[in-house]
Amino acid sequence: MNNYSDKELLELYRSNDTQNYAFNLIVRKYQERIYWHIRKIVINHDDADDVVQNTFLKVWGGLSSFREDSQLFTWLYRIATNEALTFLKKKRTKYLVPIVDVEHQLSNSLESDAYFNGNELQAKLQKAIIALPDKQRLVFNMKYFDEMKYEDMSEVLGTSVGALKASFHHAVKKIEKFLEEN
Amino acid sequence: MKDLETFGPNLTKAGKENPYKVPEGYFDSLPNRIQEFCKKEEPKVQATNWFVTIKSQLALATGICLFAVLAVTGYYYSNQFNKGFFHRTDYLKIVEESGTEFDEMQLFEAVSPSPKKDSLKKVSDEYYEYYLYKNYYNGTLLEDPKDIKP
């Protein structure tokens with residue numbers, strides 16, 4: 001694993017000779033975090049793989065205009081989140097299915113997914129998360145699993161810290177209720 | 001906001017462990033696959049950027065072309081529409097070309113202006129008729145007027 005800071009990676013990227021090398025290092029540094037973030041949104045591994053590739057393609061296209069107003073990893077998370085949500089939106093419109101049915105499909109794909117090795121309670125937890133609205137799902141995953149700071153989440157999602165805390169609170173209540181009832 | 005951080009019993013029991021997994025060696029091959037994917041897609045991205053750059057000019061040119069086509073079409077149809085009305089010379093031409101089908105009277109009727117159907121003219125004709133034939137002495141002014149009894 002490389003030990004370059006984001007600033008050093010961006011400097012390497014700006015030099016024409018080391019652009020490809022720097023991009024490769026950026027991918028290596030953030031690929032797992034980005035992949036797991038996307039995977040928890042789209043659930044299926046193959047879908048996540050496609051979205052990850054599209055995300056880094058967008059990163060490759062936009063990295064030269066990245067102005068360092070935000071941190072590199074929050075910028076990457078923002079692109080990944082948008083790509084994953086766009087993917088789900090396309091899925092909904094492509095098959096003309098209501099949101100509830102997409103959630104149902106995601107739950108079903110969880111059960112048949114060869115790349116899921118959680119126990120019964122973990123499966124239930126994932127189903128409870130899938131049943132949440134998109135925004136609450138994102139907030140819950142980023143806070144609960146990724147243990148991200150609210151300030152960083154605010155940068156990624158463009159929402160105030162207060163609103164994020166409220167979203168997380170509602171998400172936790174709903175998940176607890178779902179787990180109790182099932 | 002500390003109370004928001006405390007989770008319920010079920011959530012605590014489920015834990016924070018990631019239940020998903022990936023195929024073996026997935027993250028080892030991903031950077032190279034991404035790099036290849038980006039190289040493959042690069043020309044497409046550039047083509048899109050080129051299109052985005054000239055999009056406004058293309059829209060303007062399309063607008064001008066559309067306007068020109070509409071103008072030409074309008075002019076053409078307006079000419080065709082005007083051609084639909086026959087002029088006096090057209091009647092003559094038609095009659096000349098198919099002289100055997102028309103006689104001179106029909107030609108005269110076609111060429112002569114149609115009588116005006118004017119209500120004022122009709123009233124004036126009635127007055128004219130009344131004064132001339134019914135109620136007015138129409139002898140010479142030199143003769144003594146005769147009493148006319150109704």
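Every number in this text was worked out from the coordinates using simple rules, so none of it is lab data. Treat the numbers as computed from the prediction; the structure is a model and nothing was measured. Cβ: placed from backbone, ideal geometry, glycine included. Neighbour counts: every protein chain shown.
Per-structure values
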read-out: HN-Hα J in Hz across segment A:80-91 - Karplus 6.51, -1.76, 1.60, θ = phi - 60°, x for Gly and Pro; value: 4, 4, 4, 5, 5, 5, 4, 4, 5, 4, 4, 4
read-out: Whether segment A:83-182 is rounded, prolate or oblate, judged on the alpha carbon gyration tensor where a/c under 1.5 counts as rounded; value: oblate
read-out: Nearest-20 debye value, chain A charge dipole, Cβ charges on Lys, Arg, Asp, Glu; value: 440
read-out: Extension gain from A:Arg92 to A:Arg28, taking 0.36 nm per residue of separation minus the Cα-Cα distance; value: 19.9 nm
read-out: Separation between Cα centres of segment A:65-95 and segment A:106-156, rounded to whole Å; value: 17
read-out: Net charge contributed by nearby residues that have their C-beta within less than 15 Å of A:Ala114 (K/R +1, D/E -1); value: -4
read-out: Gain upon complete extension [B:Phe51, B:Ala68; 0.36 nm per residue less C-alpha separation]; value: 3.7 nm
read-out: Number of partner chain Cβ atoms within 10 Å, mean per residue of B:27-40; value: 5
read-out: Note, ³J(HN,Hα) from phi for segment A:135-147, Karplus 6.51, -1.76, 1.60, rounded to Hz, x at Gly and Pro; value: 5, 5, 4, 4, 4, 4, 4, 5, 7, 6, 8, 8, 6
